[in-house]
Each structure stands twice: as C-alpha cells, then as structure tokens.
Amino acid sequence: MPKDLLLVAIFSTAYLSFALFALSQVRHWRVVFDKALPTQREVLLLRSLGILMLSISLALSLVRDGVSFGSLLWITMIGMAALAIALTLAWRPRWLRPAGKLFSFTYPDTGRVNHKMNQVKG
C-alpha cells in the first residue's frame, strides 16, 4: 500500500510542477485568471516552486524503486503529468486556479492589468 501512495505522490507532485510552469507563462495565466497578469516575482516563484516539485517527484520515485527503475518511472510520470496539464489547459483551465492563488503574492482576481501588454500598436 505505501508503494501505491508513493506512486500517487510522484504523479501529484509532477502534475503540480507542470501546473506551476504553465502558470508562469503569461498566456496560460491569462486563460486561467482572465484579467490579472503575474508579476516578475510571481513568475520567479512559480518557476522555482515548479523545479522544487519536480525534484521532489524525482526523489520520491528514487525512494520507491531505486535508481534504475525509479528514474524510468519518473520520466514516464513527468510525461503523463505534462500531457495531463496540456489537456487541463485545453478543456478546463480554471481547474488550475487554486494552484495560482496558492502560490501568488497577490490575489490574482484583483483586476491588475499590465498596460504595456494591452496597448494596441498601430
């Protein structure tokens, strides 16, 4: 049973890491939160936490199955997690809102708008 829980934890941390990587991009942030844009500090925090979660996922897979099979398991899990995030962004991007709210410095729904991004060049 603990090995099964570790498998779920490996996938969950990999999924969260790719969610954080996706939310660090302006295009995906706007799809998830409509008006708000991430600040540079939020982007750095999201990417740093994404790397941390990916590292935790690797550590869990190495603990579960050792170096030889654990690394293969981890590569498989991050591929599945990346596909799951792509499908989430395509069909239900709002499901990523809790991750963005949890890891942002300011509440994303405040209507913060970056005017440089919204200017029309003409």
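Between Leu7 and Arg41, take the C-beta separation as r, use R0 = 30 Å, and let me know the FRET efficiency to the nearest 0.05. Computed FRET efficiency for Leu7 and Arg41 comes out at 0.30. Summing +1 for each Lys or Arg and -1 for each Asp or Glu among the other residues whose beta-carbon sits under 15 angstrom from that of Ile75 gives 0.
When only the heavy atoms of the protein chains count and the probe is 1.4 Å, how do Arg30, Arg97 rank by accessible area, highest first?
Details: Arg30 80, Arg97 55 Å².
Order by accessible area, largest first: Arg30, Arg97.
Convex hull over the Cα atoms of segment 45-88, averaged projected area in nm²? Show your work: numbers first, answer last.
Details: hull surface 12.5 nm².
Its average projected convex-hull area is 3.1 nm².
What ranking of Ile78, Ile10 comes out by heavy-atom accessible area, probe 1.4 Å, highest first? Spell out each step's value before the answer.
Values: Ile78 35, Ile10 0 Å².
Sorted descending by solvent-accessible area, the residues read Ile78, Ile10.
Modelled this way, with points 7 Å down the Cα-to-C-beta line, the labels at Ser68 and Arg92 are 3.9 nm from one another. For Lys101, the solvent-accessible surface with a 1.4 Å probe is about 80 Å², rounded to the nearest 10.
The values are calculated or read from the model by the stated rules, or taken from the named source; none is laboratory data. Note that the coordinates shown come from a computational prediction; the quantities given were computed from them, not determined experimentally. A quick note on method: Cβ atoms are made from the backbone with ideal geometry, for glycine too, and the neighbour counts reach across all protein chains shown. Side chains included, ligands, DNA and RNA excluded: accessible areas come from the protein's heavy atoms. Shrake-Rupley method; radii C 1.70, N 1.55, O 1.52, S 1.80 Å.
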